[in-house]
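In what follows, a single structure is set out as structure tokens and then discussed.
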Amino acid sequence: MGDAKFVIGWAMVGRAEFAYLIAQMAVSADMMDKDTFSIVIWALLYATVFAPFIFRKVLARYVAKNFKTEEAEYAEDGAKEAVH
């Protein structure tokens, strides 16, 4: 999958709505104690808040790396055509 795996992964980190529901259901069914529930909620909150910022950086690096390469190849192909 290459470098795109990091972009896709960080894009999905902020999608924690379902995890909140699962954590709430686990604590309601006595499958998780209150201390663990607090840790899970704080971890989800942390991930939800910071994921967009990290995703922006990862995406910017991905675009800079992959599209500069494509532009350079395109310019190189154009130069070859001009010579012929």
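Assorted remarks:
- Solvent-accessible area, 1.4 Å probe, carbon plus sulfur percent, for the range 21-68: 71
- Inverse mean reciprocal Cα-Cα distance (Kirkwood Rh) of the range 1-53, Å: 12.1
- Taking the range 46-60 and a reference point 7 angstrom along Cα→Cβ of A4, the backbone N atoms nearer than 20 Å belong to 55-60.
The values are calculated or read from the model by the stated rules, or taken from the named source; none is laboratory data. Quick caveat: nothing in here was measured; it's all calculated off a predicted structure. All Cβ positions, glycine included, derive from the backbone under ideal geometry; neighbour counts span all protein chains shown. These accessible areas exclude ligands, DNA and RNA; they are computed on the full protein's heavy atoms, side chains included. Shrake-Rupley method; radii C 1.70, N 1.55, O 1.52, S 1.80 Å.
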